[in-house]
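Any read-out appearing in this document is the output of simple, stated calculations on the displayed coordinates, not a laboratory observation. Keep in mind that what you see is a predicted model, and the values were worked out from it rather than measured. No Cβ is skipped: glycine too gets one built from the backbone with ideal geometry, and neighbour counts run over all protein chains shown.
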Ligand SMILES: *[C@@H]1O[C@H](CO)[C@@H](O)[C@H](O)[C@H]1NC(C)=O
Ligand SMILES: *[C@@H]1O[C@H](CO)[C@@H](O)[C@H](O)[C@H]1NC(C)=O
């Protein structure tokens, strides 16, 4: 499984960078290093055993999230985070062109496609990163400035085409709506005749990627896609799960330790699941907890397809123990997984800090 770049040697996907990087000389070293980081983190006194303590929510989670629930099951989102327009004109002085393409009008789903300008000069085919934005399944858009900037920089630095998918949000559209939209997006990518896609995308070199809730979507969409006829979707090489958003009925050590973490308070976290999971299921449902129920069995599909999986996380994220558990379970299941965990930071750091983002896709 390789991404081939114009200037690069063949590398596992987590090294998809055209920058000179120290592990370029040794794939084996990169692996050893990644596994070392994983185990360092695990060994580093993380209390991995889950606990069943339920923390009473003494704050109003809707207030925390700035959400107003409506009697008809929808929510009002008073915050209007800044959005950025696409820039499709090749005469513009920009390193990356972008444009919005409709996927399914009846669902208002679409993709913002990013094309690095260098692709226009060299008619080589580029890898495609299919990106799913974060926002707890409830918030934000592919047009949100934070994700626009993230995808713009990633397309430029990695030299890849990026397709950032606008999927339907909960609670108006509960899961699995977002996963269905993601799979539909993959089918659309395969059949759409848009010239950016057909001229510049290597359809055999596609990765599903997402941060936070987007990481959850990339994972579950991957499992859904693995069940679809292979001829209907482009050839997926791997999943890139950046601080993926998972939960469960029992609290982990890091959740208890970081209960009031300002970027992802546990109360708010619970409310997001409440609003996005199918009505009546608990948080050990397979959409939410990939290590419970038939989650481990479903993981076998990833192994059978031979996909690589990269899971990244950081010690300051309440969800880090779950991400480590996921990596350990995948390792036991024989999935080709690399965990990349760093100390400190917080949930969503790569969305807000361009340097952290660059560290991420330097991997
Ligand atoms: C639900 O209620 C909100 C607020 O009252 C309203 O704006 C919205 O149009 C309603 N949606 C539906 C589908 O009825
Ligand atoms: C769009 O979505 C609708 C509703 O799910 C579905 O019936 C229809 O087939 C989709 N259209 C296309 C072009 O895929």
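Antiparallel beta bridges, as assigned by DSSP with both residues in the stretch 120-234, represent about 0 percent of the total such bridges.
Could you please tell me the mean projected area of the C-alpha convex hull for the stretch 147-233, averaged over all directions and given in square nanometres to one decimal?
6.0 nm²
Relative contact order of the stretch 147-294, taken over Cα pairs closer than 8 Å and 6 or more residues apart, is 23 percent. Specify whether the C-alpha gyration tensor of the stretch 239-355 places it in the rounded, prolate or oblate class, a ≥ b ≥ c being the square roots of the eigenvalues: rounded for a/c under 1.5, otherwise prolate if a/b is larger than b/c and oblate if not. Oblate. Does the stretch 48-187 classify as rounded, prolate or oblate by the C-alpha gyration tensor (a ≥ b ≥ c root eigenvalues; a/c under 1.5 gives rounded; else a/b over b/c gives prolate, otherwise oblate)? Judged from the Cα gyration tensor, the stretch 48-187 comes out prolate (a/c at least 1.5, a/b above b/c). For the stretch 286-352, just say rounded, prolate or oblate: build the C-alpha gyration tensor, square-root its eigenvalues into a ≥ b ≥ c, call rounded for a/c under 1.5, and beyond that prolate if a/b exceeds b/c, oblate if not. The shape class here is prolate. The length gained by stretching the chain between residue 284 and residue 105 to full extension, at 0.36 nm per residue less their Cα-Cα distance, is 61.1 nm. The stretch 176-216 and the stretch 272-287 have Cα centres spaced 25 Å apart.
Each peptide in 328-334, 182-188 receives the mean, over its residues, of other Cβ atoms within 10 Å, and ordering these scores from highest gives 182-188, 328-334. In this label model, residue 94 and residue 297 are separated by 4.8 nm, measuring between points 7 Å along each Cα→Cβ vector. Listed peptides 130-142, 274-286 appear in the order 130-142, 274-286 once ranked by packing, highest mean of other Cβ atoms within 10 Å at the front.
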